[in-house]
Amino acid sequence: MTHEGHNDRPDAKTGEEPLLDRQLDSLFEQLEIEKAPPGLTRRLYRIPEEQQAGQGWWRRLLQPAQAPRWVLVPALAAALLVVGVFLTVSRQPSQAEIFQARQDLAVAFSYIDKAGALTGQEIQSVLGGKLRDELRDPVKENLSKHMPFTEQSRKEEST
Amino acid sequence: MSRKFRQWVDDYQDQAWTLARYLLKDPAEAEDACQEAFVKLWKNQDRIDPERIRPWLMKVTRNGCLDRLRRRRPTEEWQEWQRADDGPGPLQDVQQHELGQWLKHSINGLTEPYRSLVVLRDVQQHSYEEVANVLELSLSQVKVYLHRARKQLREQLAEVRP
């Protein structure tokens, strides 16, 4: 076996060098690559098993060998969807949101009341006060019964 | 993945072992260094170009060995190891097979990076490019350093050969 490249050394060989170099080459040929001891081979074979045992189950699941990468994208999307739906369904409104909604409703009902009053005046002017009361009072009574906070909101508005 | 790793073990364990043996001398420590290198290979297998597994592994093995040597010889021992070794000394009437043993000792006596260069290039027959990659040297540096290493070995051989 020759050692390629030994001839392109920076300096030229002189005297005994070529002879020594050849002898060195033949000595290198004797130095074979040592076989790794069987104990080391066993240790190296055990590495994948030991490394996987040291990981959590979820990391093992994400190992490319056990789950192709393309599976991960839809799996992740599905998981996010489930979490999103769960959060949407189970979400309880906060106190501030309830208060804001009540305020909005109160404003809306005050418009309805004003509209009712205007309508009453129109009816009164056309049909008289009796008919007006017969139409308006049941509506007002019903609204107050189902939306007890309307009166309260009206008081709050007026204050 | 494990099967591929097993194939890498079969293909490269002897080379990693030989390099570690030359660098560390202590077989138990050489085994540990090899194991560490292969654990790193397992952990980084997705990031390594499959064509570059061998130089990568050789580089990691060598760096691991050098780290161990630094830890093992924090003061004067490490400095002693860094100094040029005179080798095993002249031998009288040595036979050819004994010269083989002598060469092993002489390689062990070389300083870094000469020792790694000789092991990778002359013992393991890696290409110059691969040796340059493992040792993070330029191609011309590899050739110059290898020339120096072999010059040292030649000089020692001239003293001991029959």
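The values are calculated or read from the model by the stated rules, or taken from the named source; none is laboratory data. The shown structure was predicted, so the numbers you read here are calculated from the model rather than taken from an experiment. FYI the Cβ positions are ideal-geometry reconstructions off the backbone, even for glycines, and counts take in every protein chain you see. Remember, those area values only see protein heavy atoms, side chains included, never the ligands or the DNA or RNA. Shrake-Rupley method; radii C 1.70, N 1.55, O 1.52, S 1.80 Å.
Laid out as a table, the results:
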| item | result |
| --- | --- |
| Among (1) at pLDDT below 75; (2) open to solvent by 40 Å² or more (accessible area, probe 1.4 Å); (3) within 12 Å of another protein chain (Cβ to nearest Cβ) - the single one A:Leu72 does not satisfy | (3) |
| Positions within the stretch A:42-57 being at pLDDT below 85, surrounded by 11 or more Cβ atoms within 10 Å (Cβ to Cβ) and not in a helix (DSSP H, G or I), in sequence order | A:Gln55 |
| Near pairs, Cβ below 7 angstrom, 6+ apart or cross-chain, from the stretch B:34-51 (at the interface with chain A (Cβ under 9 Å from one of its Cβ atoms)) to any residue that is of a type in the set (Val, Ile, Thr) | B:Cys34/B:Thr61; B:Phe38/A:Ile47; B:Phe38/B:Val9; B:Val39/A:Ile47; B:Trp42/A:Ile47 |
| Restricting the stretch B:136-153 to residues that are open to solvent by 10 Å² or more (accessible area, probe 1.4 Å) and among the charged types (D, E, K, R), the residue that is farthest from B:Gln101 (Cα to Cα) | B:Glu136 |
| Failed condition for A:Gly39, given (1) more than 20 Å from the chain's Cα centre (by Cα); (2) at pLDDT below 75; (3) open to solvent by less than 80 Å² (accessible area, probe 1.4 Å) | (2) |
| Test: residue in the stretch B:16-31 that is open to solvent by 20 Å² or more (accessible area, probe 1.4 Å) and under 12 Å from the mean Cα position of the chain (by Cα) | yes |
| Condition met for B:Leu117 (facing chain A (nearest Cβ under 10 Å), closer than 17 Å to A:Glu29 by Cα, in contact with a Phe, Trp or Tyr (Cβ under 8 Å, 6 or more places away or on another chain) and surrounded by 21 or more Cβ atoms within 10 Å (Cβ to Cβ)) | no |
| Selection within the stretch A:87-125 - surrounded by fewer than 13 Cβ atoms within 10 Å (Cβ to Cβ), of a type in the set (A, V, I, L, M, F, W, C) and over 21 Å from A:Ser144 (Cα atoms) | A:Leu87, A:Val89, A:Ala96 |
| Residue count for the stretch B:123-152, restricted to those that are in contact with a helix residue (DSSP H, G or I) (Cβ under 6 Å, 6 or more places away or on another chain) and more than 22 Å from B:Glu51 (Cα to Cα) | 3 |
